[in-house]
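> Questions regarding the structure given below will be posed in turn.
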Amino acid sequence: MPKIFSGSSNKPLAEKICNVLSTSLSPVEMTIFSDGEKRIRIVDRVVDEDCIVIQSTASPVDENYMEIFFIVDALKRSGARSVIAVIPYLGYQRQDHVFREGEAVSLSVVIKTIERLGVSKVITLDLHSIKIREEFGIELTQLSALSLFAQKIREESLTDTVLVSPDMGGIRRVKIISEMLGNMPYSTIVKNRDLTTGKIEAEKIEGKVLKKAIIIDDVISSGKTIMAAAEILRINGAEDIKVMAAHAVLSANASELLQGSVVSEVIVTDTIEIPRNKQFSKLETLSVADIIAKELKK
Ligand code: R5P
């Protein structure tokens, strides 16, 4: 088994993965100077070893990226034969192309850095778009939490229930779950986002609305997409609205918005560690540790 290291962004998930693999995390010594700079040191001998680094790159996204960059650099300088980066939530993935003239493609910068540092493979979950794969010059394995969501839905009555994509970009995701559940009905919301103000508007629903609706998304950040989707579903007759999303970024006041909304349950995964002050009673977290561990066993 390769040696497994973790950054500080999601140690609980890294430890769970190690538990499943009946191993433990190798130590990473980290010194934080008074100006915020970090010094990273690998304690174990890694010469000619295959190594894995686990680090989610949600908020604080830049800091978390710098940490994984330094850990990979330390491993390579210490003689590691190969380094696989497990990045359960890949920060900056939504800036995967130029939306408006003059913009940087942040994701591309991040990927170039990962590649330049000598990472041989990246393992991640539920990317925002299928086009992201094209940005990678190294091997990329994309895992998915959709099977966890399908299992969760199966545990309840499927009658009078429709799956809903909160925007056109999410149809593929919803179709996959629908197939897993024996072609469960699904609908799509047509969403508009103002790129200057960030304002989101749910314009219309394509497909039918049933009594129970389950919104499936990849990321919940500000929560505005979910709020707009839930509102249009309620207006169109949905009485029970649940949400399932792989990555709980929960920025700004998303937790308060969701807790106070018409949504009855928000089911996410632990690709991102959710701090106590962002947790709320409607929130349930499923673990992706088994999914990642199974991949690492290969
Ligand atoms: C958008 O295309 C994504 O799939 C998510 O719906 C979006 O990123 C969620 O962001 P927010 O919670 O800020 O609306």
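The values are calculated or read from the model by the stated rules, or taken from the named source; none is laboratory data. What you see is a predicted model; the values in this text were computed from it and never measured. So basically every Cβ, Gly included, is an ideal-geometry build from the backbone, and we count neighbours across all protein chains shown.
> Sort out which residues of the range 115-170 are among the charged types (D, E, K, R) and either under 30 Å from R77 (Cα atoms) or within 16 Å of the ligand (Cβ to nearest atom) (or both), and write them in order of number. Give the steps one after another, and end with the answer.
Residues of the range 115-170 among the charged types (D, E, K, R): 115-116, 121, 126, 131, 133-135, 139, 152, 154-156, 160, 167.
Answer for the range 115-170, where residues must be among the charged types (D, E, K, R) and either under 30 Å from R77 (Cα atoms) or within 16 Å of the ligand (Cβ to nearest atom) (or both): E115, R116, K121, D126, K131, R133, E134, E135, E139, D167.
> Please enumerate the residues belonging to the range 171-219 that are among the small types (G, A, S), touching a Ser or Thr at 6+ places or on another chain (Cβ under 8 Å) and away from the ligand (no atom under 14 Å from the Cβ). Talk me through it step by step, then tell me what you get.
Initial filter on the range 171-219 (among the small types (G, A, S)): 178, 182, 187, 198, 202, 207, 213.
Now narrow it down to the ones that are touching a Ser or Thr at 6+ places or on another chain (Cβ under 8 Å): 187, 198, 207, 213.
Once the filter is applied, which keeps residues that are among the small types (G, A, S), touching a Ser or Thr at 6+ places or on another chain (Cβ under 8 Å) and away from the ligand (no atom under 14 Å from the Cβ), the range 171-219 yields S187, G207, A213.
> Turning to a different aspect of this structure: Among the strands (runs of 3 or more DSSP E) lying completely within the range 199-259, list those that include at least 2 residues that are buried (at least 19 other Cβ atoms within 10 Å of the Cβ) and either without any contact (Cβ under 8 Å) to a residue 24 or more places away in the chain or under 17 Å from the mean Cα position of the chain (by Cα) (or both).
212-220, 240-248
> Can you tell me which residues in the range 74-94 are assigned to a loop (DSSP other than H, G, I, E, B) and closer than 22 Å to T269 by Cα?
First, pick out the residues of the range 74-94 that are assigned to a loop (DSSP other than H, G, I, E, B): 78-81, 88-94.
If the condition is that a residue be assigned to a loop (DSSP other than H, G, I, E, B) and closer than 22 Å to T269 by Cα, then P88, Y89, L90, G91, Y92, Q93, R94 are the ones that fit.
Yes/no per residue for (1) over 21 Å from I54 (Cα atoms); (2) modelled with pLDDT of 95 or more; (3) under 16 Å from the mean Cα position of the chain (by Cα):
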{"position": "T124", "(1), (2), (3)": "no, yes, yes"}
{"position": "F136", "(1), (2), (3)": "no, yes, no"}
{"position": "Q142", "(1), (2), (3)": "no, yes, yes"}
{"position": "I153", "(1), (2), (3)": "yes, yes, no"}
{"position": "D160", "(1), (2), (3)": "yes, yes, no"}
{"position": "P166", "(1), (2), (3)": "yes, yes, no"}
{"position": "G182", "(1), (2), (3)": "yes, yes, no"}
{"position": "P185", "(1), (2), (3)": "yes, yes, no"}
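> Do we have any residue at all in the range 163-180 that's of a type in the set (D, E) and over 30 Å from V105 (Cβ atoms)? Don't jump to the end; show me each part of the working.
Pass one, the range 163-180, residues of a type in the set (D, E): 167, 179.
From the residues that got through so far, the ones that are over 30 Å from V105 (Cβ atoms) too are 179.
Yes - at least one qualifying residue is present in the range 163-180.
> It is to be established whether one or more residues within the range 55-68 are assigned to a strand (DSSP E or B) and closer than 25 Å to K3 by Cα.
Restricting attention to the range 55-68, the residues satisfying the condition of being assigned to a strand (DSSP E or B) are none.
Checked the range 55-68: no residue is assigned to a strand (DSSP E or B) and closer than 25 Å to K3 by Cα.
> Report the residue count in the range 105-129 for those that are closer than 18 Å to V219 by Cβ, part of a helix (DSSP H, G or I) and touching a residue at least 40 places away in the same chain (Cβ under 8 Å).
The total comes to 1.
> Cβ-Cβ distance below 7 Å, separation of 6 or more or different chains: which pairs start in the range 130-152 with a residue that is closer than 19 Å to V105 by Cα and end on one that is part of a loop (DSSP other than H, G, I, E, B) and among the hydroxyl-bearing types (S, T, Y)?
I138/S120
> Another question, then. Out of all the residues in the range 220-261, which are more than 8 Å from the ligand (Cβ to nearest atom) and among the hydroxyl-bearing types (S, T, Y)?
Result: S255, S261.
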